[in-house]
1. Applying the selection to the stretch 127-167, what residues are over 18 Å from ALA37 (Cα atoms) and open to solvent by less than 30 Å² (accessible area, probe 1.4 Å)?
2. Give, as residue ranges, the helices (runs of 4 or more DSSP H) completely inside the stretch 1-91 that count at least 2 residues that are under 16 Å from ALA128 (Cβ atoms) and under 14 Å from the mean Cα position of the chain (by Cα).
3. So which residues in the stretch 1-57 are acidic (Asp, Glu) and open to solvent by 90 Å² or more (accessible area, probe 1.4 Å), if there are any at all?
4. Of these, ALA111, ALA122, which one is under 30 Å from VAL149 (Cβ atoms), at pLDDT 50 or above and not in a loop (DSSP other than H, G, I, E, B)?
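The values are calculated or read from the model by the stated rules, or taken from the named source; none is laboratory data. Small disclaimer: the values here were computed from a predicted structure and weren't measured. Heads up, the Cβs are rebuilt from the backbone with ideal geometry, glycines too, and the neighbour counts pull from every protein chain shown. Side chains are part of the model used for accessible areas, which takes the heavy atoms of the whole protein and leaves out ligands, DNA and RNA. Shrake-Rupley method; radii C 1.70, N 1.55, O 1.52, S 1.80 Å.
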Amino acid sequence: MDAVDGRDDTSLLRAHAAGDPNAFGEIVRRHRDRLWAVALRTTGDREEAADALQDALLSALRAANNFRGDSAVTTWLHRIVVNACLDRIRRRQSRPTVPLPETDVTPAPAADRDTAMDVRNALQQLPAEQRAALVLVDVQGYAVSEAAVILGVAEGTIKSRCARGRARMALLLGHLRNPAADPSVPSQISRSTSRKEGGA
């Protein structure tokens with residue numbers, strides 16, 4: 001088993017640019033899970049996410065000499081990944097296809113799985129720029145300022161994209177907050193009946 005490389009990301013990227021054959025692989029090893037999560041949630045499709053991530057990592061590999069150090073290496077990588085995802089989304093929208101149903105082997109309770117599918121489907125209905133902002137801020141937990149650097153836009157733009165995206169998500173997922181009364185639950189039936197009687 002290889003020893004953990006103690007160099008920071010910037011040193012590794014410089015070492016890669018100088019010809020170290022293992023340095024870029026170490027950067028990828030450190031950040032691949034988070035980059036994959038961003039790609040998957042931004043594209044909403046495992047194959048598209050895998051292709052976008054591969055495209056992004058190849059771009060980063062080739063562009064390492066151009067890294068100026070204006071931001072953290074992780075911010076730079078996330079920007080490349082998000083841009084690759086947005087490019088794929090735009091291409092997909094210009095030539096739409098019918099996606100195959102996604103098979104998820106992770107066991108989950110039916111209610112949780114249904115809710116997760118509803119959220120994922122709602123996220124896919126947002127414009128790509130709003131989706132990318134929401135994934136970075138609300139899902140991945142980036143600060144608005146970091147998301148702005150990753151997406152290359154002003155902080156106010158991130159805030160407005162998130163606000164519009166959240167409002168749209170709230171409309172799309174309103175049924176989760178206010179489900180119809182379940183006839184098998186007596187308390188819900190009596191509550192809805194007493195509301196009707198009270199309003200009569």
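1. ALA148, ILE158, CYS162, GLY165
2. It comes to 23-43, 46-63.
3. In the first step, residues of the stretch 1-57 are kept if they are acidic (Asp, Glu); the result is 2, 5, 8-9, 20, 26, 33, 45, 47-48, 51, 55.
The answer is ASP2, ASP33, GLU47.
4. Values: ALA111 fails: under 30 Å from VAL149 (Cβ atoms).
Going through ALA111, ALA122 in turn, the sole match is ALA122.
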